[in-house]
Amino acid sequence: MATDNRIHFWRKNPKVPGSLQPVYGAQHPPLDPRRHRPLKDTPKASSVVKSKKPSTFHEFARSTNDAWDIDDEEDDGIFSLKQSSSSPVQSRSTPQTPCLKLFKVPDDTELGPRSLDRQEPISTNPDRERLDVESGPANGRVVKSCSDAQLNVNTARNPLQKQQSLPVRPVIPLVARISDQNASGAPPMTVREKTRLDKFKQLLSSSNTDLEELRKHSWSGIPREVRPVTWRLLSGYLPANRERRDLVLQRKREEYFGFIEQYYHSRTDENHRDTYRQIHIDIPRTNPLIPLFQQPLVQEVFERILFIWAIRHPASGYVQGINDLVTPFFVVFLSEFVEEDVENFEMASLPLDTQRNIEADSFWCMSKLLDGIQDNYTFAQPGIQIKVKALEELVSRIDEDVHVHFQKCEVEYLQFAFRWMNNLLMRELPLRCTIRLWDTYQAESEGFSHFHLYVCAAFLIKWRKEILSMLDFQSLLMLLQNLPTIHWGNEEVGLLLAEAYRLKYMFADAPSHYKR
């Protein structure tokens, strides 16, 4: 009889360990600090006996044994986003795509990609948001209804069906007008913004653009309408003389496609095969939840850009993370020809010449950026090592409590800040925020190589309260790798940059501290 009751309990009790519980605002899985791979979920403790959390890294490592193995046997019962079996075999150094798990949730609950303290609406039209979630096809894209989240998890599905069955994330355009709003939903075009736009147009239309004046106005953000040409100028791709711009663009674009004809066929040669293979693996992982970057045509553009850059820079070659640095340029130059939301735009609908111009401009501007931070990607990545050490020194001077707290929890700065330097915070911020951030970086004389350090310090200290509330290694590292910025807008980025500017002039000697 006791045996029957025990079997009955395990079948019907919804709160037993391992059962699928409703999750509200499920976060991304934590990353392994040693391999940048997702940590395997560990079984929850029962409601009667609570296991003690590891308080140090060594306790955590001892208690996780097989946590680095991501080959879950539970995938048969839980929807997961996986790469197609036809993809090339991944190398050991390649970070794995995080597994997105689907749970049954109440109909009246929003399921977002992260758990947020602040839930402001992104759109000024609530009815449109409800339509995006509850209706069928809208604006040419397939939108699943909330009831799809309650499908039977035991039903067999192929990878494509699993991907289509995932809950729909909030629709947040990249550079459309709604992305120029603050998180509070303020109107994008005020009288002040119109005045700023007129000032930009005046500067850009002059026979010789005053680049210093252009940088001064760009520091606080560049209007969407003039951002493409402003980025070309500030990156050094275009000359200040207006009459020479068309000739320079034509020559540089022809030069890029000359590289394609000369080198791209060698991607299958033995000398370059590994480089191309790694690029080919990484491209589908670039912004995997944004439809634009999953289009085969766009992925081919990225492959050509990265491969040509890699073989022209043999000192570093291709390094994972460089693929992310193409996306802001590509989106900004694409937005020059797109009125609607860029993230759902079909690249194939543009004329071929326009596609080629966007590709060539993205290549040259990315090359200009990397020229200033190439030591981040040479052997052993010494530039990143120096910057992470400088960040540690800077934080110890800005906020000693946070610095000491990291030491108590045995969290090394390299375990979270390496990605901040390698990807320029692109994995921590939505793409629209990265574009706004880069407005300022390009306005600074050493924005990507020097000012970025102070932005990282300001970004870290912003989460001071949350950091100090985490009392063990695992919780603290999970927080630092899943910071809730999904609803950030211009207002939050502006405050972050203002604080970074203050820190730069209060602690300007921090980077040179480790050079002596």
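The values are calculated or read from the model by the stated rules, or taken from the named source; none is laboratory data. Note that the structure is a prediction, hence the values are computed from the model and not measured. Positions of Cβ are backbone-derived with ideal geometry, glycine not excepted, and every protein chain shown enters the neighbour counts. Please note that ligands, DNA and RNA were not included when accessible areas were found on the heavy atoms of the full protein model with its side chains. Shrake-Rupley method; radii C 1.70, N 1.55, O 1.52, S 1.80 Å.
What are the residues in segment 250-272 that are over 15 Å from Arg312 (Cα atoms), without any contact (Cβ under 8 Å) to a residue 40 or more places away in the chain and part of a helix (DSSP H, G or I), if any? Passing the criteria: Gln250, Arg251, Glu254, Thr268. Of everything in segment 237-251 that is open to solvent by less than 40 Å² (accessible area, probe 1.4 Å) and not aliphatic (A, V, I, L, M), the residue that is nearest to the chain's Cα centre (by Cα) is Tyr237.
The listed residues are Pro288, Pro296, and the only one of them that is of a type outside the set (A, V, I, L, M, F, W, C) and free of Cβ contacts under 8 Å to residues at least 12 places away in the same chain turns out to be Pro296.
Answer yes or no: is there a residue in segment 379-398 that is more than 19 Å from His450 (Cα to Cα) and open to solvent by less than 20 Å² (accessible area, probe 1.4 Å).
Here is the first cut: in segment 379-398, the residues more than 19 Å from His450 (Cα to Cα) are 379-380.
If we keep only those that are open to solvent by less than 20 Å² (accessible area, probe 1.4 Å) as well, we get none.
Checked against the condition, which is being more than 19 Å from His450 (Cα to Cα) and open to solvent by less than 20 Å² (accessible area, probe 1.4 Å), segment 379-398 yields no hits at all.
Just give me the residues in segment 415-468 being of a type in the set (Val, Ile, Thr) and open to solvent by 10 Å² or more (accessible area, probe 1.4 Å), in sequence order. Correct list: Ile461 only.
Test Arg356 against the stated conditions and say whether it is more than 30 Å from Asp472 (Cβ to Cβ) and touching a residue at least 12 places away in the same chain (Cβ under 8 Å). Spelling it out, Arg356 is indeed more than 30 Å from Asp472 (Cβ to Cβ) and touching a residue at least 12 places away in the same chain (Cβ under 8 Å). Exactly one residue out of Thr440, Thr434 is at pLDDT 95 or above and touching a Phe, Trp or Tyr at 6+ places or on another chain (Cβ under 7 Å), and it is Thr440.
If I go through segment 201-222 residue by residue, how many of them are outside any helix (DSSP H, G or I) and either within 23 Å of His452 (Cβ to Cβ) or of a type in the set (Phe, Trp, Tyr) (or both)? Counting residues in segment 201-222 that are outside any helix (DSSP H, G or I) and either within 23 Å of His452 (Cβ to Cβ) or of a type in the set (Phe, Trp, Tyr) (or both) gives 4. Among Val404, Val395, which is in a helix (DSSP H, G or I) and touching a residue at least 12 places away in the same chain (Cβ under 8 Å)? Sole residue among the options that is in a helix (DSSP H, G or I) and touching a residue at least 12 places away in the same chain (Cβ under 8 Å): Val395.
The residues of segment 478-498 that are more than 16 Å from Pro430 (Cβ to Cβ) and open to solvent by less than 10 Å² (accessible area, probe 1.4 Å) amount to a single one, Leu480. Return a yes/no flag: does segment 449-471 have any residue that is part of a helix (DSSP H, G or I), under 27 Å from Arg227 (Cα atoms) and of a type in the set (Lys, Arg). Taking every residue of segment 449-471 in turn, none turns out to be part of a helix (DSSP H, G or I), under 27 Å from Arg227 (Cα atoms) and of a type in the set (Lys, Arg).
Which is open to solvent by 40 Å² or more (accessible area, probe 1.4 Å) and aliphatic (A, V, I, L, M), of Leu289, Leu234?
Numbers: Leu234 fails: open to solvent by 40 Å² or more (accessible area, probe 1.4 Å).
The conditions single out Leu289.
Could you list all residues from segment 325-352 that are closer than 18 Å to Val229 by Cβ, open to solvent by 10 Å² or more (accessible area, probe 1.4 Å) and part of a helix (DSSP H, G or I)? Ser335 - this is the single residue of segment 325-352 that is closer than 18 Å to Val229 by Cβ, open to solvent by 10 Å² or more (accessible area, probe 1.4 Å) and part of a helix (DSSP H, G or I).
Scanning segment 410-425 for residues that are assigned to a helix (DSSP H, G or I) and under 19 Å from Pro484 (Cβ atoms) turns up Phe416, Ala417, Arg419, Trp420.
Restricting attention to segment 265-286 and to residues that are out of contact with any helix residue (DSSP H, G or I) (no Cβ under 6 Å at 6 or more places or on another chain) and open to solvent by less than 50 Å² (accessible area, probe 1.4 Å), the residue that is modelled with the lowest pLDDT turns out to be Arg285.
Please enumerate the residues belonging to segment 481-508 that are closer than 19 Å to Arg397 by Cα, in contact with a helix residue (DSSP H, G or I) (Cβ under 7 Å, 6 or more places away or on another chain) and not in a helix (DSSP H, G or I). Passing the criteria: only Phe507. State whether one or more residues within segment 365-385 are more than 15 Å from Gly236 (Cβ to Cβ), β-branched (Val, Ile, Thr), in contact (Cβ under 8 Å) with a residue 12 or more places away in the chain and part of a helix (DSSP H, G or I). Yes, because at least one residue in segment 365-385 is more than 15 Å from Gly236 (Cβ to Cβ), β-branched (Val, Ile, Thr), in contact (Cβ under 8 Å) with a residue 12 or more places away in the chain and part of a helix (DSSP H, G or I). Residues that are in contact with a Pro (Cβ under 9 Å, 6 or more places away or on another chain) and open to solvent by less than 40 Å² (accessible area, probe 1.4 Å) do not occur anywhere in segment 302-317.
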